[in-house]
1. Here are Arg114, Arg62: which of them is open to solvent by 30 Å² or more (accessible area, probe 1.4 Å), more than 10 Å from the ligand (Cβ to nearest atom), closer than 22 Å to Val323 by Cβ and not in a loop (DSSP other than H, G, I, E, B)?
2. Can we say Arg38 is within 22 Å of Arg194 (Cβ to Cβ), open to solvent by 20 Å² or more (accessible area, probe 1.4 Å) and more than 16 Å from the ligand (Cβ to nearest atom)?
3. Filter region 227-237 down to residues that are in contact (Cβ under 8 Å) with a residue 12 or more places away in the chain and more than 14 Å from the ligand (Cβ to nearest atom) and give me whichever is most open to solvent (accessible area, probe 1.4 Å).
4. Condition check: surrounded by fewer than 22 Cβ atoms within 10 Å (Cβ to Cβ), within 16 Å of the ligand (Cβ to nearest atom) and farther than 16 Å from Val64 by Cα. Does Pro257 satisfy that?
5. Taking region 185-198, which residues are without any contact (Cβ under 8 Å) to a residue 24 or more places away in the chain and surrounded by 16 or more Cβ atoms within 10 Å (Cβ to Cβ)?
6. Quick check on my filter: what residues within region 332-357 are surrounded by fewer than 19 Cβ atoms within 10 Å (Cβ to Cβ) and in a helix (DSSP H, G or I)?
7. So in region 340-356, with the set limited to residues that are within 6 Å of the ligand (Cβ to nearest atom) and of a type in the set (Phe, Trp, Tyr), which one is farthest from Arg105 (Cα to Cα)?
8. Taking Glu142 as the residue in question, decide whether it is in contact (Cβ under 8 Å) with a residue 12 or more places away in the chain, within 15 Å of the ligand (Cβ to nearest atom) and among the acidic types (Asp, Glu).
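The values are calculated or read from the model by the stated rules, or taken from the named source; none is laboratory data. Just so we're clear, the structure is a prediction, and the values are computed from it rather than from any experiment. As a convention, Cβ positions derive from the backbone with ideal geometry for all residues, glycine included, and neighbour counts pool all protein chains shown. What goes into the accessible areas is simple: the full protein's heavy atoms, side chains included, and nothing from ligands, DNA or RNA. Shrake-Rupley method; radii C 1.70, N 1.55, O 1.52, S 1.80 Å.
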Amino acid sequence: MSVAVPARRADPDAPAPEALWEERVQRAAHPVAYPALRSARNRPVVRVPRIGVVVSDAELAREVLLDLDHFSKVGPGAPSDLWTPVLGPSVLLNMEGAEHAVLRRALGPLFSPRAVRELVAADGDRGAGVLPDLTRRLAAGETVDLAEAVSAQAGAVICGMVGLPPTDEAVRSSMAAAQTITGMVRLHRHGLTRPQVAQARSVLERLTAPARAAYRAGDPATVPGRMRDLGLSEREAMGAVGAFVLTGTETIQSLVPRLVAIAHDTGWTARLLADDARLRRRAVEEGLRVTVPTPAMLRSVRADTSVGGVPVSAGDRVVIATVNCCRAGGGFDPDRSIEPAVRHLWFGAGPHFCLGMPLAMAQVDAVLDALAAAATDGLVPVVGRRRAARAVLVPSYSSLEIGLRSADGSPNLVQASARTWEAS
Ligand code: HEM
């Protein structure tokens, strides 16, 4: 496959199209918190009123994530404030120490290469699955909304986790349920309000009802059934299912369309979809580095100490601005090597490093394979109209139209689509 023509810029000093779109995606999600976080980017550590002690330096971020004596995910301002009232006290992301390590070890086999392959393939096995459909429609010359397709695929994976057959209705309502809950979170608020907690619990109860039934039936073909086989109590299993749904859906929905959009805007699409695993891995990692689907990580200070020379006291909130740490290295450029301190920081570091990384990578690969299968005969998917999602926790596109065009003569749709977005 030949290389796609990069979008041409009339003014070389103007911000690159991919940077402009990324900025729009971020600001549409968090019009207040994102500018506040970014304003801290030139200081390694700084106290920002209402938000916390913001860390924007990758090495210092790692120090915090690895210093378990002074920083915790449990305590004032930490994820436990947000999630314990909704998910209960033992769902990995609000645990520390030996109990956390035991639960992680127990859940590990669910993310083995074989287990994640099966979860991701379950959708395609239905024959009329989302990704085979994506390939068919693109190859037939249709314009497809990639954001919608990725959302349906992520929803199908949730259905697999909670033990539901992935019917269209089940997929839609699973995604809507996950988004209802995550959409309540705001960086400047430390927890959810009482009515929000009540609503989140009832949404989650409905979503995980089939998981509870699958756990009780103990069917090892289902994820909840396997959790029972792995020795998890019903409470732990339901908490884990809830945590997976909340951490593992919007991140994928965020990453994949943004990666494809960035590849389009920088002329990388053909290389991203080429039959070259190493090149694809680099482009995906670079996509993760510049999109940072989890833009911040929260910790509570357990005991007085300092971060990069800034004193912090027990009870303070530390906000690791992963988006600042990762993007300090500049714009999307898979040919450049990644600083060791930044490498994989988008998945965290230390004992809470993303448990779902293998599933995330398998989902990304599945979508890219579906696009590559359509992109034959010198054609590549190019991006048409797009729209950034508003008031969501994880910045993303609510719509990203793609269609196949010739790789060497594709029309430059970037500016046309930017105008459409501005007009909408
Ligand atoms: C591109 C996709 C993803 C990104 C960028 C991402 C990022 C992260 C990050 C940064 C953390 C650490 C947070 C912290 O230390 O405060 C984390 C933890 C976690 N992630 Fe992911 N994640 C992704 C996809 C997934 C998926 C698909 C799942 C599947 C269920 C998942 C499950 C989890 C879980 C359970 C944790 C908590 C682990 C623990 O506390 O021990 N993630 N993720």
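1. Result: Arg62 is the single residue among Arg114, Arg62 that is open to solvent by 30 Å² or more (accessible area, probe 1.4 Å), more than 10 Å from the ligand (Cβ to nearest atom), closer than 22 Å to Val323 by Cβ and not in a loop (DSSP other than H, G, I, E, B).
2. Taking the combined requirement at face value, the residue does not satisfy it.
3. Arg235
4. On the way: surrounded by fewer than 22 Cβ atoms within 10 Å (Cβ to Cβ): no; within 16 Å of the ligand (Cβ to nearest atom): yes; farther than 16 Å from Val64 by Cα: yes.
So Pro257 does not fit the description; no.
5. Across region 185-198, the qualifying residue is only Gln196.
6. The answer is Gly350, Pro351, Met357.
7. Filtering region 340-356 for residues within 6 Å of the ligand (Cβ to nearest atom) gives 346-348, 352, 354-356.
Now restrict to residues that are of a type in the set (Phe, Trp, Tyr): 346-347.
Details: Trp346: 22, Phe347: 18 Å.
So the residue we want is Trp346.
8. Values: in contact (Cβ under 8 Å) with a residue 12 or more places away in the chain: yes; within 15 Å of the ligand (Cβ to nearest atom): no; among the acidic types (Asp, Glu): yes.
So Glu142 does not fit the description; no.
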